[in-house]
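Since every read-out is calculated from the coordinates, none of them should be taken as a lab result. Everything quoted here is computed from the prediction, not taken from an experiment. All Cβ positions, even for glycine, are placed from backbone atoms using ideal geometry, and neighbour counts span all protein chains on display.
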Amino acid sequence: MSSRAIAIALMGIVGISGCSLAPKYEHPSVVMPSSWEGGAHPKESVFAGGKLSWDEFVLSKNLKKSIQIALENNKDLKQALINLEATQRLYGIQRADRFLQLEAQVGGSRQRIPADLSQSGEAIIQHSYSVGLGVSAFELDLFGRVKSLSEAALEEYLATKYASYAVRIALAGEVMRVWIERQRAHERVKILLGMVDSHKKSQSLIKERYEKGASGAMEYQEAVNLAIKAQMDRYKAQAELQQAENALVALLGLKSALELPAMEEEEAILHGEITPYLPSELLQRRPDIGAAEHRLKSKYANIGAARAAFFPRIILTANGGSSSELLSKLFDGGSGAWSFAPQITLPIFDAGKNQNSLELAKLRRDEALVEYERSIEIAFKEVKDALSLSASLHRIEKASKESMQNEEKRLKLSASRYSAGMDSHVHYLEAERRWLSERLAWVEAKSADEVAMATLFKVLGGGWNPEEILGEDEGLGANKEE
């Protein structure tokens, strides 16, 4: 039998598909409400959360640039992508065990046989040369053990891929949050500078009045304390700005704050209008839920491998080629050689090893099921909390803006009265400080509203498309039915 004939025969054996002993996967039943509690978001619907990518949700050009830099440089994301590639390689290694692997074998030996062991009574030197193709320890997968291990590795790979998308979403959301905090601190610094200036002017006027006896020491000390407090608030805002910039530098993987994209003097940072889709869609939109489900599927496949361990394992070893005592006659007629050594292993007594392995695989399956259900519970809670908080903070931001606008009108009236000589400069400065205080409160409310919107976008699984995984991994998925 030639080496080619052996290879053809082995290919035919490999073509015999074994049955799978893995339990049939059934999607866990989850009780879900028909709609989110609290009704729709108070803002008018423009798009459903998660239907647009993060670069469409973000309006600020420099924030978009910052997120892109983070997706390229962030160490946590790089680690997630390394883990993704590692699981892909592990799947490739495991899947390779399902296919026949041929090896080229070339060998030679030279041996001296002493006279007392030689049949001729004289010392001789023997030569041997061989070349051929061989198959080493290929398992004939009649009971689907190798196939189950391959499917388990594939599901782990997909789980890791979904997890990498979850890291991307979390990273983009965190960059949004820190950017908003940076913007808020920057605006606070500017407003507090105005308040410090206003308090200093007021302190100077009251000092003049105090020296002339027109006001008491108590009023003057109060003005001094207010100026000091405004200066302290300004220092605090500057520290917050520095901390936000440091956090942003770390997220973007940069060396210093000098490399950060500049803040833009614009009112809208994010697309402030989101209407969530139905609760049932959350299972498809959240990549962390998808990762948990693929880990669950992997545990199902591991049960199949554990069950197959109870059945015989057939290992094939074979080679075919040419051999000769002389290298020059290695490929002459009659030099063909072959060997075929199948081996069957049947577990008889293993001290409960296989049974314990099967029970452990079932426990891991149950553990993964609890993890999957828990991930859904966490996702639902996060969405409901984000919806409630976003709606409340939007109302607060709206009320705060109205209050600021009213104080702005009062300031204009006070300025008119002061210009007409109907009011003192001290009263005008007091009206200015009230307006600055309301403006400061509005900046806080607006930032909190924007952070809540970014959080809502993130917990809804926004910024990615679940079909991307299937589209990118058609080659991997195509092998699952083998």
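Output the peptides 342-350, 152-160 sorted from most to least packed, where packing is the average of other Cβ atoms within 10 Å over each peptide's residues. Each step should come with its number before you reach the end.
Numbers: 342-350: 9.6, 152-160: 23.9.
Descending mean neighbour count gives 152-160, 342-350.
Put a dot 7 Å past each Cα toward the Cβ at Glu367 and Thr275; how far apart are the dots in nm? Taking the two extended label points, one gets 4.4 nm.
For Met176, what charge total do you get from the other residues with a beta carbon under 12 Å from its beta carbon, if Lys and Arg give +1 and Asp and Glu give -1? So the surrounding residues net to 0.
Which FRET efficiency value, to the nearest 0.05, do you get for Glu265 and Asn356 by plugging their Cβ-Cβ distance into 1/(1 + (r/R0)^6) with R0 = 60 Å?
Numbers: r = 67 Å, r/R0 = 1.11.
Efficiency computed from Cβ-Cβ geometry: 0.35.
Near Ser20: Cβ cut-off under 9 Å, other residues only, Lys/Arg at +1 and Asp/Glu at -1. The net charge is 0.
Near Val459: Cβ cut-off under 11 Å, other residues only, Lys/Arg at +1 and Asp/Glu at -1. The net charge is +2. Is there a pair in Lys61/Lys190; Lys297/Lys353; Lys190/Lys229; Lys299/Lys362; Lys384/Lys458 whose C-alpha atoms are over 18 Å apart, and which pairs would that be? As for pairs spanning more than 18 Å Cα to Cα, those are Lys61/Lys190; Lys297/Lys353. Net length available on complete extension from Arg374 to Asn83 is 102.4 nm, with 0.36 nm assigned per residue and the Cα-Cα distance removed.
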